[in-house]
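Sharing a structure here in structure tokens format.
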Amino acid sequence: LPLYNRGNVVLIGDAAHATTPTLGQGGCQALEDAEVLAQFLTTTNIGVIDAIERYAQHRQDRVHTMVLKARERTATIYPKTPEMWEGTKKWYDDLLNNKDIGQLILDGIAHNLNQGPWPPRSRL
């Protein structure tokens, strides 16, 4: 969605940025949304609408990135054409045969954790 809020109404979680289940990030992003929104609401001295607008601006880049990553993983796991199966087969072969894949997965998880939801992005 281009906007998560209008006035004093705000969407969080899947209502704002539904994703495929392939990364297991739907619930994680909803919890991050709740934490960020609560933080902005409890620290505002301007008003609720300002806090909601700051929340929406803050979350947009992170959740957009997660939605796109989930779509890419979905395309890898569930190819739409016979030609795409080669990429899927390679991905599964790497999971089975690459002795370093466990560390790569852990590095990816650590990267996601380090990306958010805090500290606030520079646009704040």
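What follows is calculated from the coordinates using simple rules that are stated; it is not laboratory data. Remember, it's a predicted structure, so these values are computed and weren't measured experimentally. Reconstructed Cβ throughout: ideal geometry from the backbone, glycine too, with neighbour counts over all protein chains shown.
Tell me the Kirkwood radius of the chain: reciprocal of the mean inverse pair distance over distinct alpha-carbon atoms, in Å.
Over the chain, the inverse of the mean reciprocal pair distance is 16.3 Å.
Per-residue ellipticity at 222 nm for the chain, helices alone: DSSP H runs ≥ 4 residues times -39500 (n - 2.57), over residue total, nearest 500 deg cm²/dmol?
-21500 deg cm²/dmol
For the ranges 107-115, 57-65, what's the packing order if you count other beta-carbon atoms within 10 Å of each residue, average per peptide, and put the highest first?
Ranking the peptides 107-115, 57-65 by packing returns 57-65, 107-115.
Treating the beta-carbon of each Lys and Arg as +1 and of each Asp and Glu as -1, no other charges, what is the dipole magnitude of the chain about its Cα centre, to the nearest 20 debye? Mind showing how you got there, number by number?
Values: 13 positive and 14 negative charges, 38 e Å.
Approximately 180 debye in magnitude.
Beta carbons within 10 angstrom, averaged per residue: use that to sort the peptides 12-22, 43-53, 75-85, highest first.
Per-residue mean Cβ counts within 10 Å order the peptides as 12-22, 43-53, 75-85.
For the stretch 90-98, take each phi angle, set θ = phi - 60°, evaluate the Karplus expression 6.51 cos²θ - 1.76 cosθ + 1.60, and give the result in whole Hz per residue in order, putting x for glycine and proline.
4, 4, 5, 4, 4, 4, 7, 10, 7
Net charge within 14 Å of His111 by Cβ-Cβ distance, Lys/Arg positive one each and Asp/Glu negative one each, not counting His111 itself?
Its environment carries a net charge of +1.
Hey, what do the phi angles of the stretch 73-87 turn into as Karplus ³J(HN,Hα) couplings, whole Hz, using 6.51/-1.76/1.60 and θ = phi - 60°, x for Gly and Pro?
Result, rounded to whole Hz: 5, 4, 5, 6, 6, 10, x, 8, 10, x, 5, 6, 4, 4, x.
Taking the Cα centre of the stretch 41-90 as origin and charging only Cβ (+1 Lys, Arg; -1 Asp, Glu), how large is the dipole, in debye to the nearest 20?
The calculation lands at about 260 debye.
Give the relative contact order (percent, whole number) for the chain; include only Cα pairs under 8 Å separated by 6+ residues.
Relative contact order comes out at 26 percent.
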